[in-house]
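The next block holds one structure in the form of structure tokens; read it before the comments.
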Amino acid sequence: MTALEPHDAEVTAALVETTVAERAEGVLGRTYRALSIGIVSVVLLIAFEATAVGTAMPVAARELHGIPLYAFAFSAYFTTSLFAMVLSGQWADRRGPLAPLATGIGAFGAGLLLSGTAGGMWMFILGRAVQGVGGGLVIVALYVVIGRAYPERIRPGIMAAFSAAWIVPSVVGPLASGTVTEHLGWRWVFVGIPVLILLPLGLALPAIRRMAGGAANAEAAAEPFDRRRIRLALGISAGAGLLQYAGQELRWVSLVPALAGAALLVPAVRGLLPPGTLRAERGLPAVILLRGISSGSFIVAESFVPLMLVTQRGLSPTLAGLSLAAGGLTWALGSYVLARPRLEPHRGALMVAGMVLVTLAIVAAPTVLIESVPVWTLAAVWGVGCFGMGIVIASTSVLLLKLSAPQDAGANSAALQISDGLSNALLLAAGGAAFAALGGGSVGVAAHGAVGGGTTAHPGAFMVVFLPMAAVALAGVWVAGRVKEKA
């Protein structure tokens, strides 16, 4: 025995002990704490924006004389984010996620300022479009960070943390936004949120630079951007925008932009989504399709909930926003349930159950159009739907990273978000067209200049939004049964 052997044994034991300790760490362990807090702060900003802006949107649309363009204010965000998602996926795979994340946060804030200072509805919509570019860059970059920095065993935990980041904004956001809207004006909701950008920038970017800042293969030369995919991304955004415009105009001449949009959209979708996605082939294609079906149907329905409560039941913007507040808690609870390791074998069945809950919530929501139905019932059924969404959305995120090679994480994450954003844009176009066709654009203009004012003349305009979305969600029940690959 040499004098070095005992020392070597001690070193080996120390290394084994360190490895075991690292394996036991969670998302808030010493290794991941700074990164987790940083990226969850980014999600917190996005969550606060979504809940606050959604509450102020009906008032903004009325004051800008843009109720007929109400759906555009939401779909503009999703439409431009489609291009940004593809760009972010390539950018992150080739150069690392740091630059697209920082650029996206900056664009997100610029879009809020543009909307908050808009003098007309189209300028407001332009601000939402710029904001969509930022959101698209951020969300894909975050997925790449998770795929590179976190081991597979704790990825469900960080996804659950993302959902938990929605709890406080879901409760505080509508209350704060409604109060500011009623006492200071809706513009302050938009121009005030960019101040919150400083916190995510300060926390997230240094940690990302340290743990996941470079390219997937640091030794290989950086590959050039795939120009074909960039062109397809432009096609998918332009096509979605043209279809949205055609749906809002509702004239025979609108067939021209509708056909042009479809001609751009179809080849772009086929080129950017994995083969078999539209057929719901088992595994990754079904995961990506389910993300679009679940998110599109639920978010489109949710977009019209505040407007329905304000214009049809006479609620204030604050109360209308608070009706959705419980959803943040139940959404996080659904994600937390799926983060439990012992439930991993049952993930497929739970995702099916989650889509059933989503479908039931969308079907039940428009019952508040009946005066005898208490308004609080909507908060209850929406909380149930959000619980189902927490299960489904967290699961699709976890399964996507599990089924993706490291070098493909950006492209596949972009495909997941494209499915999400494109479904939102197209279903909002369809829902907005149906809403406008049944007179929805004239709701809520009361004599005293307030949204609502007790007018209940157009309940059918809301029914043709909610019931088709429920049918889409029902199709998602079948797709959820196909996310697991055959053994």
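Just so it is clear, none of the values below were taken in a lab; they were calculated from the coordinates. Predicted, not measured: the structure shown is a model, and the values here were computed from it. Positions of Cβ are generated from backbone atoms using ideal geometry, with glycine treated the same way; all protein chains shown enter the neighbour counts.
Annotations
- 19 Å reach of a label modelled at residue 228, 7 Å along Cα-to-Cβ, counting backbone N of segment 84-118: 86-91, 93-94
- Selection from 268, 244, 280, by position along the positive dipole direction of segment 242-357 (Cβ): 280
- Maximal additional length on extending the residue 356-residue 198 stretch stands at 52.9 nm, based on 0.36 nm per residue less the C-alpha distance.
- Tail fraction, Cα-Cα pairs, segment 61-201, threshold 27 Å, whole percent: 27 percent
- The Cα atoms of segment 121-162 cover 46, 17, 7 Å along the three principal axes, with the biggest extent listed first.
- Euclidean distance of C-alpha centroids, segment 23-77 and segment 360-382, integer Å: 25 Å
- Extending 7 Å from the Cα toward the beta-carbon at both residue 282 and residue 209 defines two label points whose distance is 4.7 nm.
- Semi-axes of the equivalent ellipsoid for segment 250-293, computed as √(5λ) from the eigenvalues of its C-alpha gyration tensor and ordered from largest down, come to 28, 11, 6 Å.
- By the Stokes-Einstein formula, at 0.890 mPa s and 25 °C, segment 224-299 with its Kirkwood radius over alpha-carbon pairs has D equal to 180 µm²/s.
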